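Visitor: Mind looking over this structure? Questions follow.
The values are calculated or read from the model by the stated rules, or taken from the named source; none is laboratory data. These figures come from a predicted structure and were not determined experimentally. Neighbour counts run over all protein chains shown; Cβ positions are idealised from the backbone, glycine included. Surface accessibility is based on the protein's heavy atoms, side chains included, excluding ligands, DNA and RNA. Shrake-Rupley method; radii C 1.70, N 1.55, O 1.52, S 1.80 Å.
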Amino acid sequence: MNVRTRVATVTGAAALAFAGVLGSAGQSFAASNGQQIHFHDSSGLVYSIRVQGYNQNGDVAAGCFSTPGKDTWVGGWWWKGEVKVTFYKGGSCSFATYFGETNAWVPTSQSGDWTTVSS
């Protein structure tokens, strides 16, 4: 390998490593503009939840999430402000298995990345 090829390879590798660090910074940054939901199933009967509200960009967002255990961390979705969490006894957020709902306030920023919502 000549010197130019080595320099290009090292430069390319450094650029990829730097991009990887920048790419991973998104979750840390989002903690100052929204939080992820930690769902605690105090009843032991909830198998899925629908979360509806506003995301970190202020856009309306909604998703159905499986809750396989007493505690479920809904990662990768960032919320802020008032969110509605609907509980289902079935695994697909089907109205036929509706169990209840609650409204929760998700702060724009806090010391951690997770806001707990309980059934």
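Visitor: Can you compute the FRET efficiency between Ser92 and Ser43 using 1/(1 + (r/R0)^6), with r the Cβ-Cβ distance and R0 = 22 Å? Round to the nearest 0.05.
Guide: On the way: r = 18 Å, r/R0 = 0.83.
Working from the Cβ atoms, E equals 0.75.
Visitor: Let me ask another. Using a Cα-Cα cut-off of under 13 Å, which aspartates and glutamates could be cross-linked to Lys70, ignoring same-chain neighbours fewer than 8 residues away?
Guide: By straight Cα distance, Lys70 reaches Asp41.
Visitor: For Asn103 and Lys84, calculate 0.36 nm times their separation in residues minus their Cα-Cα distance, and state this gained length in nm to one decimal.
Guide: 6.4 nm
Visitor: Applying 1/(1 + (r/R0)^6) with R0 = 25 Å to the Cβ-Cβ distance of Asp113 and Asp59, what FRET efficiency is obtained, to the nearest 0.05?
Guide: About 0.85, to the nearest 0.05.
Visitor: Determine how large the accessible area of Asp71 is when every protein chain is in place; take a 1.4 Å probe and give Å² rounded to the nearest 10.
Guide: 60 Å²
Visitor: Right, next: Can you list the HN-Hα couplings for the stretch 102-117, worked out from phi with the Karplus curve (6.51, -1.76, 1.60; θ = phi - 60°), rounded to whole Hz and with x for Gly and Pro?
Guide: In residue order, the calculated couplings are 8, 9, 10, 9, 10, x, 5, 9, 6, 6, x, 9, 10, 10, 8, 10 Hz.
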